[in-house]
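Read through the structure below, which is laid out as structure tokens, and then see the notes.
The values are calculated or read from the model by the stated rules, or taken from the named source; none is laboratory data. Everything quoted here is computed from the prediction, not taken from an experiment. Here Cβ is always computed from backbone atoms with ideal geometry, including for glycine, and neighbour counts include all displayed protein chains. When the accessible area is computed, the model is the full protein with side chains, heavy atoms only, and any ligands, DNA or RNA have been set aside. Shrake-Rupley method; radii C 1.70, N 1.55, O 1.52, S 1.80 Å.
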Amino acid sequence: MRNYVSASVLSADMLNLKSEISKITDAGVDMLHFDVMDGVFVPNITYGLPVLEQVRKATDITLDVHLMITDPIKYVRRFVQCGADIISFHIESKSNTLETVKAIKSAGAKAAIAIKPDTPIENVYEYLPYLDMVLVMTVEPGFGGQGFIYDTVKKISAVKNKIVSLGLHTDIQVDGGINDETAEIVKSAGANVLVSGSWLFKSENMQESVEKLRKAEE
Ligand code: DX5
Ligand code: ZN
């Protein structure tokens, strides 16, 4: 399976978002990861629809929107209208899970369920046949720059095994604390879509860093 790198906009210089987007896309990333936080589902607030709409005007790259909001079903159609290509929402949110997946798909985007570190991975299994991607959080959602939680690796392996046993080809995304070292661990466990924020933006040669993250297993 091919690996993909999704750069988290949260680590970009917000005052220079347009040039940051050019820098990221020039470095060869596959997607932009756009974290939406409402200050209720997570203890932080970021940005939302109007910013996404402007980002969409600035680039053709795949926009991978991660909703960390309380009632995502209310907003998914509008996020698709503003340019989202993939929408992840949390299984811990209060929206009905299957209805939200269907709402994302009927609005024309790919659907993913995101799961926090402490939620059992088995909770997503019944939805796998309907999903394009599963997002296994490798930090507590809310902030960039946190340390990778190693205990989440077994959840990646478990969901990978389940996907294979069902004969599916669902992508597995990981988000939080991804750098050149943790990337190797998550890829070995079965993840193939790697979100990186602080590590990627701090790296001296972004293109080389993207290639390192994306490199397939030998
Ligand atoms: C955290 C966000 C992440 C964050 C990742 O809640 O979902 O996407 O930007 O940032 P790093 O790579 O710095 O952990
Ligand atoms: Zn995220």
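In table form, for the structure just shown:
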{"quantity": "Residue match in the stretch 175-189 (condition: in contact with a Pro (Cβ under 7 Å, 6 or more places away or on another chain) and not in a helix (DSSP H, G or I))", "calculated": "no"}
{"quantity": "The stretch 164-210 - residue that is within 18 Å of the chain's Cα centre (by Cα) and open to solvent by 50 Å² or more (accessible area, probe 1.4 Å) and, of those, nearest to ligand 2 (Cβ to nearest atom)", "calculated": "TRP199"}
{"quantity": "Output for the stretch 4-63, where each listed residue is in contact (Cβ under 8 Å) with a residue 40 or more places away in the chain and of a type in the set (Gly, Ala, Ser)", "calculated": "SER6, ALA7, SER8, SER11, ALA12, ALA27, GLY28, ALA58"}
{"quantity": "Pair list, Cβ under 7 Å, 6 or more apart: the stretch 140-162 residue on the phi > 0 side of the Ramachandran plot, other residue part of a helix (DSSP H, G or I)", "calculated": "GLY145/SER198"}
{"quantity": "Some residue of the stretch 103-117 being under 18 Å from the mean Cα position of the chain (by Cα), over 21 Å from SER6 (Cβ atoms) and open to solvent by less than 60 Å² (accessible area, probe 1.4 Å)", "calculated": "no"}
{"quantity": "Residue within the stretch 76-88 that is of a type in the set (Asp, Glu) and buried (at least 16 other Cβ atoms within 10 Å of the Cβ) present", "calculated": "yes"}
{"quantity": "Members of the stretch 122-147 that are open to solvent by 10 Å² or more (accessible area, probe 1.4 Å) and either in contact with a Lys or Arg (Cβ under 9 Å, 6 or more places away or on another chain) or under 23 Å from LEU166 (Cβ atoms) (or both)", "calculated": "GLU122, ASN123, TYR125, GLU126, TYR127, PRO129, TYR130, LEU131, ASP132, GLU140, PRO141"}
{"quantity": "Check on VAL153, away from ligand 2 (no atom under 16 Å from the Cβ), in a helix (DSSP H, G or I) and either surrounded by 14 or more Cβ atoms within 10 Å (Cβ to Cβ) or among the acidic types (Asp, Glu) (or both)", "calculated": "yes"}
{"quantity": "Selected residue (criterion: most open to solvent (accessible area, probe 1.4 Å)) from residues of the stretch 13-44 that are of a type outside the set (A, V, I, L, M, F, W, C) and in a helix (DSSP H, G or I)", "calculated": "LYS18"}
{"quantity": "Check on GLY48, within 16 Å of ligand 2 (Cβ to nearest atom), farther than 18 Å from VAL193 by Cα and open to solvent by less than 30 Å² (accessible area, probe 1.4 Å)", "calculated": "yes"}
